1. So which residues in the range 12-45 are assigned to a strand (DSSP E or B) and at pLDDT 95 or above?
2. Scan D75, D70, D79 and give me the residue that is modelled with pLDDT under 90, farther than 25 Å from T19 by Cβ and surrounded by 15 or more Cβ atoms within 10 Å (Cβ to Cβ).
3. Does L84 satisfy the condition of being in contact with a strand residue (DSSP E or B) (Cβ under 9 Å, 6 or more places away or on another chain), part of a strand (DSSP E or B) and at pLDDT below 85?
4. Which residue pairs have Cβ atoms closer than 9 Å, lie 6 or more positions apart in sequence or on different chains, and pair a first residue in the range 32-48 that is more than 17 Å from R87 (Cβ to Cβ) with a second residue that is assigned to a strand (DSSP E or B) and of a type in the set (F, W, Y)?
5. Here is a check on your reading of the model: is I9 modelled with pLDDT under 95 and either assigned to a loop (DSSP other than H, G, I, E, B) or exposed (fewer than 13 other Cβ atoms within 10 Å of the Cβ) (or both)?
Amino acid sequence: MDINTNTNIFNVQIIRARTTYQFTKELLVRNILDYNTLDKTLVTSVLVTYRVNAGTVFYVGYDDRYRQRDEVQNDAFADQAFQLTNRAFFTKLQYLFRF
């Protein structure tokens with residue numbers, strides 16, 4: 001908020017939807033969708049977790065980032081559809097060493 005004129009300088013909303021589904025006590029899937037109204041970006045993330053025991057967990061994840069086409073290159077795209085800008089796959093193994 002601008003102190004001198006008492007008006008908003010910008011208005012940003014980040015809309016998030018998070019879902020989690022647990023198939024068994026060892027296996028679960030989590031999905032997160034984020035939309036940022038300032039950057040006009042959409043982020044999707046999927047995480048699969050497999051828990052062997054309390055100290056050993058294996059993770060596999062996937063992450064996509066989209067941006068509205070007119071924000072990527074304004075003169076080339078006239079429509080408001082999303083274009084993929086980044087993609088990542090990752091894995092992680094967590095193991096608890098006991099001495």
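1. Pass one, the range 12-45, residues assigned to a strand (DSSP E or B): 14-22, 27-36, 41-45.
Correct list: A17, R18, T19, T20, Y21, Q22, L27, L28, V29, R30, N31.
2. Details: D75 fails: surrounded by 15 or more Cβ atoms within 10 Å (Cβ to Cβ); D79 fails: surrounded by 15 or more Cβ atoms within 10 Å (Cβ to Cβ).
So the residue among D75, D70, D79 that is modelled with pLDDT under 90, farther than 25 Å from T19 by Cβ and surrounded by 15 or more Cβ atoms within 10 Å (Cβ to Cβ) is D70.
3. On the way: in contact with a strand residue (DSSP E or B) (Cβ under 9 Å, 6 or more places away or on another chain): yes; part of a strand (DSSP E or B): yes; at pLDDT below 85: yes.
In short, yes.
4. The qualifying pairs are K40/F82.
5. Values: modelled with pLDDT under 95: yes; either assigned to a loop (DSSP other than H, G, I, E, B) or exposed (fewer than 13 other Cβ atoms within 10 Å of the Cβ) (or both): yes.
It is true that I9 is modelled with pLDDT under 95 and either assigned to a loop (DSSP other than H, G, I, E, B) or exposed (fewer than 13 other Cβ atoms within 10 Å of the Cβ) (or both).
The values are calculated or read from the model by the stated rules, or taken from the named source; none is laboratory data. Remember, predicted model here, so these are calculated numbers, not experimental data. Heads up, the Cβs are rebuilt from the backbone with ideal geometry, glycines too, and the neighbour counts pull from every protein chain shown.
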